[in-house]
Amino acid sequence: MTALLNIDQLIGELESGLRRQLEERGIEAPVVVGIRTGGVWLADVLSKRLGLTGPFGELDISFYRDDFSRIGLNPKVRPSRLPFETEGKDIILIDDVIMSGRTIRAAMNELFDYGRPASIMLATLIDMGARELPIQPDVVGRKLTLQSHQRVKLRGPDPLSIEVRDTDQ
Amino acid sequence: MTAHDPSSTSLQLTSDGQLKHFLTLDDLDRALLTDILDTADSFIEVGERTIKNVPLLRGRTVVNLFFESSTRTRSTFELAAKRLSADVLNLDISTSATSKGESLSDTLLNLEAMASDMFVVRHSQSGAPHFIAESVTPGVAIINAGDGRHAHPTQAMLDMLTIRQHKSRFEGLKVAIVGDILHSRVARSQIRALNTLGVAEVRVIAPATLLPSDVESLGCKVEYDMTRGLDDLDVVIMLRLQRERMEGALLPSEREFYRLYGLSTEKLALARPDCIVMHPGPINRGVEIESAVADGPQSVILNQVTNGIAIRMAVMSMAMSGQVSERARARSQEMGS
């Protein structure tokens, strides 16, 4: 089975959810940081849709993963790019899919090495459940329950699409 | 210690071609060298943060095993290991156990009993890191920090990183290495790396007495004259004149050497106007390079030092990564059998 979810609708959900959260918390000048690779594409789209004029950040969490002792280093690590001060800033952290929560833990550890942000808000396009850590997104495009042989993947950057596919078993 | 063939291959690679030791550049291909440079780029970015440590080697122990003293190389390896969050032990063996008669093998057994995960080895004898890599417990990574006249692969790679930063490519570049090639393990590793990465031309410029007899077989052109050697050059790498190794009449005098092979402002003007000047340090000012050149706008000598930390972080984490995945593979094979 290959299913295509409506990407425009999901990004619309994320945008309106983020606007609500920002208003509730009284945040006027957030900075957007995306987790490589899918999160960076979304950070680009969402910072434009939220009308943020400054640059967005790109995080490569390879040096912060908790499974180095099992699988070693990602050979395709690239430099993270945060072209702004994070100290005292309200950060919107964006990823395409959340599952175990381990990526987000790694990303938050990395963010704190740049300085102490005022707050971090988490937005993910898809929430797969199956959490292994006490980490929850503040804004979600859509919750999705897949069978064990299915995987979800964001393709991009232009155009963005979401693909659900069967793994070879 | 018996003499080992330093060219022995695959000792430093896992079965799927990942680094698990870092001993020599001889059997590493362009893709792997490029991976090392790319990984080092990411560590350069880490070095610009408020907190410069990453947790990759947290809980692991790195032993700096220096059988030959060196301040700069040892301190950059130490800083690199600390920025990877490893525990670091510095052992200056030249003044320690071996002078009490302990053999190299016994010293290593003792260190392994301390649950070390990585040895960074400098030794005056060519092939010493290979010897250690052959006998060490599986899971322990060996990094060559300079062995005899054989190799100094992290120095060569930090030079490659510096060249790529300033020239953004290797294709088409003309690079010269000037000075004491004979005693230089750095030059051997540099020539290797430059050829693997695909520069247009590598020249060595030196008097015949400071060139090894087989130098052209390393993959370079020989020039005895700076005027010809510097022509149309993109990168000039000056080597330190190793005065402590000058036995016999290799040179008439230092002044004569500077007149013929020293890099002065006038001579540098013979190269391309955007030619960068490199030197592995420590510099002998007025012997192989004029102060005005060493401190001038074309000099990238201090970039080399910064890049040294990033390159060492890269090879240390990649070698540890190779050891980790090889152990994981061994475990799954055991479970499967």
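The values are calculated or read from the model by the stated rules, or taken from the named source; none is laboratory data. If you're wondering where the values come from, they're calculated on a predicted model, not measured in any experiment. Every residue, glycine as well, gets a Cβ built from its backbone with ideal geometry; the counts of neighbours run over all protein chains shown.
What do you reckon, is B:GLY179 under 22 Å from B:PRO282 (Cα atoms), among the small types (Gly, Ala, Ser) and in the same structural domain as B:MET238 (by TED's automatic domain parsing)?
On the way: under 22 Å from B:PRO282 (Cα atoms): yes; among the small types (Gly, Ala, Ser): yes; in the same structural domain as B:MET238 (by TED's automatic domain parsing): yes.
Answer is yes for this residue.
Only one of A:ALA43, A:ALA123 is away from chain B (no Cβ under 11 Å), crowded, with 22+ Cβ neighbours inside 10 Å, of a type in the set (Gly, Ala, Ser) and under 22 Å from B:GLU48 (Cβ atoms); which?
That would be A:ALA43, the only listed residue that is away from chain B (no Cβ under 11 Å), crowded, with 22+ Cβ neighbours inside 10 Å, of a type in the set (Gly, Ala, Ser) and under 22 Å from B:GLU48 (Cβ atoms).
Of these, A:ALA130, A:ALA123, A:ALA107, which one is out of contact with any Gly (no Cβ under 6 Å at 6 or more places or on another chain), assigned to a loop (DSSP other than H, G, I, E, B) and among the hydrophobic types (A, V, I, L, M, F, W, C)?
The match here is A:ALA130.
Which one is modelled with the lowest pLDDT among residues in segment B:214-273 that are among the acidic types (Asp, Glu) and surrounded by 14 or more Cβ atoms within 10 Å (Cβ to Cβ)?
So, considering only residues that are among the acidic types (Asp, Glu) and surrounded by 14 or more Cβ atoms within 10 Å (Cβ to Cβ), the one modelled with the lowest pLDDT is B:GLU254.
State whether one or more residues within segment A:73-84 are in a loop (DSSP other than H, G, I, E, B), surrounded by fewer than 21 Cβ atoms within 10 Å (Cβ to Cβ), charged (D, E, K, R) and within 14 Å of chain B (Cβ to nearest Cβ).
yes
Please count how many residues of segment A:14-40 are assigned to a helix (DSSP H, G or I), of a type in the set (Asp, Glu) and loosely packed, with under 15 Cβ neighbours inside 10 Å.
Of the residues in segment A:14-40, 2 are assigned to a helix (DSSP H, G or I), of a type in the set (Asp, Glu) and loosely packed, with under 15 Cβ neighbours inside 10 Å.
Working only within segment B:29-63, note down all residues that are within 14 Å of chain A (Cβ to nearest Cβ), surrounded by 19 or more Cβ atoms within 10 Å (Cβ to Cβ) and touching a Phe, Trp or Tyr at 6+ places or on another chain (Cβ under 9 Å).
B:ILE36, B:SER42, B:PHE43, B:VAL46, B:VAL54, B:LEU56, B:LEU57, listed by residue number.
Counting only residues that are on the phi < 0 side of the Ramachandran plot and surrounded by fewer than 19 Cβ atoms within 10 Å (Cβ to Cβ), which one in segment B:75-87 is farthest from the chain's Cα centre (by Cα)?
B:ASP87
Any chance segment A:111-119 includes a residue that's more than 14 Å from chain B (Cβ to nearest Cβ), out of contact with any helix residue (DSSP H, G or I) (no Cβ under 7 Å at 6 or more places or on another chain) and free of Cβ contacts under 8 Å to residues at least 60 places away in the same chain?
Of segment A:111-119, the ones more than 14 Å from chain B (Cβ to nearest Cβ) are A:118-119.
From what is left, the residues that are out of contact with any helix residue (DSSP H, G or I) (no Cβ under 7 Å at 6 or more places or on another chain) are A:118-119.
Of the ones still in play, those that are also free of Cβ contacts under 8 Å to residues at least 60 places away in the same chain are A:118.
Yes, there is a match, as at least one residue in segment A:111-119 is more than 14 Å from chain B (Cβ to nearest Cβ), out of contact with any helix residue (DSSP H, G or I) (no Cβ under 7 Å at 6 or more places or on another chain) and free of Cβ contacts under 8 Å to residues at least 60 places away in the same chain.
Specify which of the listed residues (A:ARG151, A:ARG131, A:ARG142, A:ARG165) is touching a residue at least 40 places away in the same chain (Cβ under 8 Å), over 21 Å from A:GLY12 (Cα atoms) and either under 17 Å from the mean Cα position of the chain (by Cα) or surrounded by 12 or more Cβ atoms within 10 Å (Cβ to Cβ) (or both).
Selected residue: A:ARG165, the only one of A:ARG151, A:ARG131, A:ARG142, A:ARG165 that is touching a residue at least 40 places away in the same chain (Cβ under 8 Å), over 21 Å from A:GLY12 (Cα atoms) and either under 17 Å from the mean Cα position of the chain (by Cα) or surrounded by 12 or more Cβ atoms within 10 Å (Cβ to Cβ) (or both).
Yes or no: segment B:307-325 includes at least one residue that is exposed (fewer than 15 other Cβ atoms within 10 Å of the Cβ) and either more than 14 Å from chain A (Cβ to nearest Cβ) or on the phi < 0 side of the Ramachandran plot (or both). Give the derivation first.
The initial filter retains those residues of segment B:307-325 that are exposed (fewer than 15 other Cβ atoms within 10 Å of the Cβ), namely none.
No, the conditions are met nowhere in segment B:307-325.
Among the residues of segment A:86-106, are any closer than 18 Å to B:LYS52 by Cβ and of a type in the set (Gly, Ala, Ser)?
The answer is yes; a qualifying residue exists.
Looking for whichever is surrounded by 15 or more Cβ atoms within 10 Å (Cβ to Cβ) and either of a type outside the set (A, V, I, L, M, F, W, C) or within 14 Å of another protein chain (Cβ to nearest Cβ) (or both) here; the options are A:LEU59, A:LEU93. Which one fits?
Residue meeting the stated conditions: A:LEU59.
Against the conditions (1) crowded, with 19+ Cβ neighbours inside 10 Å; (2) more than 14 Å from chain A (Cβ to nearest Cβ); (3) under 17 Å from B:ALA319 (Cα atoms), where does B:LEU111 fall short? Just the number, please.
Result: B:LEU111 passes all but (3).
So which helices (runs of 4 or more DSSP H) stay within segment B:15-125 end to end and still have 2 or more residues that are aliphatic (A, V, I, L, M) and modelled with pLDDT of 95 or more? Quick ask: steps written out before the conclusion?
Working: elements: B:30-46, B:72-83, B:104-113.
Ranges flagged: B:30-46, B:72-83.
Taking the stated definitions as given, is A:ARG142 within 14 Å of chain B (Cβ to nearest Cβ) and either of a type in the set (D, E, K, R) or in a helix (DSSP H, G or I) (or both)?
The answer is no for A:ARG142.
Give me the residue from segment B:156-195 that is at pLDDT 95 or above and acidic (Asp, Glu) and, out of that set, surrounded by the fewest Cβ atoms within 10 Å (Cβ to Cβ).
Applying the filter and picking the extreme gives B:GLU171.
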